[in-house]
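Beneath this line is the structure, given in structure tokens, with notes to follow.
The values are calculated or read from the model by the stated rules, or taken from the named source; none is laboratory data. These figures come from a predicted structure and were not determined experimentally. In this analysis, Cβ positions are derived from the backbone assuming ideal geometry, glycine residues included, and neighbour counts consider all displayed protein chains.
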């Protein structure tokens, strides 16, 4: 493993925490040294990089969430090592910070350590995405956001304009991009149309509110998740830069974080747009709880993503007259979760190995019984073909 300690300064843990709390067990980067990462786990990183979104916040920071997190207690049967790598040092240029985060993400993921990056503006998603390049595999990225953040590929990278950079990056290793919770007043119709043409998944906040379970298969299908903290309604997450009357509740975000943690496929998490400026103490508590529930989800993983042998699954086959094709579903005997199999060209088999088994719900199976092609199946089929 490359030496990534050069990118960090020690965490400020000059505060007290109760006996048996997480603070007594976290392997923290202090003045005495950087943690020895010798096995998998979760790595907490604070990244105060704001220059491509709020340049006025450059060299400011607010990591009070760390104090809250250290005072919490572990859930039942927590086994994973938790590292606190400290604070990512902003580079002389923003691009230097991107490079550092890219290297850190790559090294941790290869070591089976899940980076949890907290802090800077949403454009850091692009840096984390680049970290997967060394893995040489297509990945799915998901964002919980009130906007689509597409941006113009000819314009500079920014906090609300980075998805186009993911699409234009070469080599391209983005298979799917999903946005959960977007609010129509913040989104151009042309962006919605483009996402549709790319067969990306978009779920409006109202759709989620009406049916929260719609989010679980999307999270289960993601390798990387980023959460824009400005997607939380301002009455529940307050500070100088939080003004949205609508958005997710704190309870909903924590539930989504737990769903994400349970996903066997997910290997990194970003909590972005933590913008310094009179952030309420309760908001820092919320960030700490998002992290707690994510880790609790990770500890509940059962390792049943259906790649390889399907002996521990119940198979269901539905013939659809419309397309003259069998739809094949698998139900896990461990977790009762569902997947559907999407065929791909034989020559592309290895390339798409991780993407032709699509997480779904029993509702998709029920719809297939009514000769209705599930939307997720159709979108995946178009991308594989």
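Could you tell me whether residue 336 is within 25 Å of the chain's Cα centre (by Cα), over 30 Å from residue 72 (Cα atoms) and part of a loop (DSSP other than H, G, I, E, B)? Answer is yes for this residue. The single condition from (1) in contact with a helix residue (DSSP H, G or I) (Cβ under 9 Å, 6 or more places away or on another chain); (2) free of Cβ contacts under 8 Å to residues at least 40 places away in the same chain that residue 164 fails is (1). Every condition in (1) out of contact with any helix residue (DSSP H, G or I) (no Cβ under 8 Å at 6 or more places or on another chain); (2) closer than 19 Å to residue 109 by Cα; (3) in a loop (DSSP other than H, G, I, E, B) is met by residue 6 except one, and the failing one is (3). When region 168-195 is filtered for residues that are more than 19 Å from residue 226 (Cβ to Cβ) and either in the same structural domain as residue 359 (by TED's automatic domain parsing) or touching a strand residue (DSSP E or B) at 6+ places or on another chain (Cβ under 8 Å) (or both), the ones remaining, listed by number, are 184, 192. For residue 33, the test of being free of Cβ contacts under 8 Å to residues at least 24 places away in the same chain, at positive phi and assigned by TED's automatic domain parsing to the domain that holds residue 291 is passed.
Every condition in (1) buried (at least 21 other Cβ atoms within 10 Å of the Cβ); (2) farther than 23 Å from residue 177 by Cα; (3) within 18 Å of the chain's Cα centre (by Cα) holds for residue 279 except the one numbered (3). Take the conditions touching a strand residue (DSSP E or B) at 6+ places or on another chain (Cβ under 7 Å) and either in a helix (DSSP H, G or I) or surrounded by fewer than 18 Cβ atoms within 10 Å (Cβ to Cβ) (or both) and apply them to residue 270. Does it pass? Judged against the criteria, residue 270 is not a match. Inspect all residues belonging to region 29-36 and state whether any of them is modelled with pLDDT of 95 or more, touching a helix residue (DSSP H, G or I) at 6+ places or on another chain (Cβ under 9 Å) and not in a loop (DSSP other than H, G, I, E, B). Yes. If we keep just the residues of region 232-257 that are under 14 Å from the mean Cα position of the chain (by Cα) and touching a residue at least 40 places away in the same chain (Cβ under 8 Å), which is surrounded by the fewest Cβ atoms within 10 Å (Cβ to Cβ)? Once the filter is applied, the top-ranked residue is 255.
Residue 172 meets all of the listed conditions (1) outside any helix (DSSP H, G or I); (2) surrounded by 13 or more Cβ atoms within 10 Å (Cβ to Cβ); (3) touching a helix residue (DSSP H, G or I) at 6+ places or on another chain (Cβ under 9 Å) but one, namely (2). Going by the structure shown, is residue 46 part of a helix (DSSP H, G or I) and either assigned by TED's automatic domain parsing to the domain that holds residue 100 or within 22 Å of the chain's Cα centre (by Cα) (or both)? Against the criterion (part of a helix (DSSP H, G or I) and either assigned by TED's automatic domain parsing to the domain that holds residue 100 or within 22 Å of the chain's Cα centre (by Cα) (or both)), residue 46 does not qualify. A single member of 20, 56 is in a loop (DSSP other than H, G, I, E, B) and surrounded by fewer than 20 Cβ atoms within 10 Å (Cβ to Cβ), and it is 20. Consider region 357-385 and keep the residues that are assigned to a helix (DSSP H, G or I) and within 16 Å of residue 140 (Cα to Cα). The one that is modelled with the lowest pLDDT is 384.
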